[in-house]
1. Out of Lys44, Lys36, report the one residue that is in contact with a Gly (Cβ under 7 Å, 6 or more places away or on another chain), among the basic types (Lys, Arg) and over 27 Å from Phe109 (Cβ atoms).
2. Mind listing just one residue for me: the one in segment 73-104 that is among the hydroxyl-bearing types (Ser, Thr, Tyr) and surrounded by 16 or more Cβ atoms within 10 Å (Cβ to Cβ) and, of those, nearest to Val189 (Cα to Cα)?
3. Suppose the filter is touching a residue at least 60 places away in the same chain (Cβ under 8 Å) and in a helix (DSSP H, G or I); does Lys36 pass it?
4. What number goes with the only condition from (1) surrounded by fewer than 20 Cβ atoms within 10 Å (Cβ to Cβ); (2) over 21 Å from Gly139 (Cα atoms) that Ser257 does not pass?
5. Looking at this structure, is Ala116 in a helix (DSSP H, G or I), closer than 30 Å to Val227 by Cα, touching a helix residue (DSSP H, G or I) at 6+ places or on another chain (Cβ under 6 Å) and touching a residue at least 60 places away in the same chain (Cβ under 8 Å)?
6. Identify the residue in segment 113-144 that is under 17 Å from the mean Cα position of the chain (by Cα) and of a type in the set (D, E, K, R) and, among all such residues, is nearest to Pro31 (Cα to Cα).
7. Please count how many residues of segment 94-113 are at pLDDT below 80 and either in a loop (DSSP other than H, G, I, E, B) or at positive phi (or both).
8. Can you name the residue in segment 143-191 that is modelled with pLDDT under 90, buried (at least 19 other Cβ atoms within 10 Å of the Cβ) and of a type outside the set (S, T, N, Q) and is also farthest from Arg272 (Cα to Cα) among such residues?
Amino acid sequence: MLRDVWKLCWGKMLLTYTVLAVEATAFAFFPFYLGKAVDGIFAKNWLWFGIYLGVCIIGCTVGTFRQMFDTRVFGSAWRKISCGVVNTMMARKMDTSKVITRAGMSTRFVDFFEYAVPQIVRAGIGVIIALCMLQRAIGGLVWWLALLCAGKASISLWVSYREQYWDHKVTDSNDSRNEAIEARDMAGVDESYKVRILAYIKQSDWGAFDWLQGVLFGVAGEVVVIVGLTSGTVTPGEVLAAVGYVWNLFGQVMVVSYFFGALRSVEVARERIAEGTEDE
């Protein structure tokens, strides 16, 4: 169904992704602008400070209008995809409870393009620029940062599959709850919520683990940058820029966790919707 969403609005999506790429590139240089602005202030030169403020204002303004445009584009796609799922499942005489839950899951395909793709585009640009700028500051030590990023992303990929298992459990519990409500079976409703809460706890536990390992990799990255900076002569602005870039680097890598989760979520929705829309 991702292909269906793409066919519905590929032209407008390409437009918004192009604007996003320009926007993300401008924002990715923020630590550099800020470092230059700080050094300029110490030197009584306000040019870079003005550039920093100008980029902030323009970038935020463009980003605001892009998001408003996105909502209109993807809102239309969501309506068409959801109506298509409901119509197909109703034609196959599926249980009303399952039609409701699957219709709710159809929004995951639209959300993937509206939220997950923009975030991974922004993260990709941010990571590349951060590594390039840090290479200027700490030289060959930047390869250690690249390895740390790869390690963090690999663990996040593994975690996403653990969370996917519980996503299936959530769907099962929602089906059971709706069926129990339709049958006026309060005991069944209570049992379905027990399963739902257990799944919620497990997903939260895996999310907490992923956050912790991301923070630890980030701290390790800060150590690498600090060691690299102490080997040369740097200005206060360059230190500020380097620290900003290492935070930005691992912050963007943590976005990869969200992207992997979105992929697994789409897989669950595709499998469950297929139960009622594809021929056996």
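1. Selected residue: Lys36, the only one of Lys44, Lys36 that is in contact with a Gly (Cβ under 7 Å, 6 or more places away or on another chain), among the basic types (Lys, Arg) and over 27 Å from Phe109 (Cβ atoms).
2. For segment 73-104, the residue satisfying everything is Ser97.
3. yes
4. Ser257 satisfies all of (1) surrounded by fewer than 20 Cβ atoms within 10 Å (Cβ to Cβ); (2) over 21 Å from Gly139 (Cα atoms) except (1).
5. Here the answer is no, as Ala116 does not meet what is asked.
6. Here the residue is Arg122.
7. 2
8. Here the answer is Ala180.
The values are calculated or read from the model by the stated rules, or taken from the named source; none is laboratory data. Computed from a prediction, not measured in an experiment: that's the story for all the values here. Positions of Cβ are backbone-derived with ideal geometry, glycine not excepted, and every protein chain shown enters the neighbour counts.
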